[in-house]
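Here is the structure we will look at, set down as structure tokens.
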Amino acid sequence: SGFIDSDRQAVVYADNSPEGEVFSTSEAAGSDEFHVYSGYYQEDRHFIDCIKQDTLPETHFGDAVKTMELVERIYQEVL
């Protein structure tokens with residue numbers, strides 16, 4: 001399991017170890033630039049590539065609609 005503070009670090013707990021392995025976000029991303037280690041760079045790069053290639057992003061509004069339809073069905077079953 002792990003704990004992530006996207007502004008600073010991630011702590012990964014493996015093999016039932018109570019002491020986690022600590023990684024700085026910039027270390028994990030391989031860059032000290034905020035737009036890279038904060039995750040926005042990869043997110044934006046993926047979106048731009050999808051536009052250029054005329055493909056859907058991994059997550060898109062259609063997925064959100066399906067999720068909300070599922071939530072509504074579950075909600076109706078409970079009532």
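The values are calculated or read from the model by the stated rules, or taken from the named source; none is laboratory data. Keep in mind that this is a model prediction, so the values were computed, not measured. When we count neighbours, we look across all protein chains shown, and the Cβ atoms used for this are built from the backbone with ideal geometry, even at glycine.
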| request: For Ala14, indicate whether it is surrounded by 10 or more Cβ atoms within 10 Å (Cβ to Cβ) and either modelled with pLDDT under 90 or part of a loop (DSSP other than H, G, I, E, B) (or both). | output: no
| Single match in Glu19, Glu27, Glu69 (criterion: over 20 Å from Asp7 (Cβ atoms), more than 17 Å from the chain's Cα centre (by Cα) and in a helix (DSSP H, G or I)) | Glu69
| said: Take the residues in the range 35-51 that are of a type in the set (A, V, I, L, M, F, W, C) and under 16 Å from the mean Cα position of the chain (by Cα); name whichever of them is surrounded by the most Cβ atoms within 10 Å (Cβ to Cβ). | reply: Val36
| note | When the range 25-79 is checked residue by residue, the ones that are polar (S, T, N, Q) and modelled with pLDDT of 90 or more are Gln53, Thr55, Thr67, Gln76
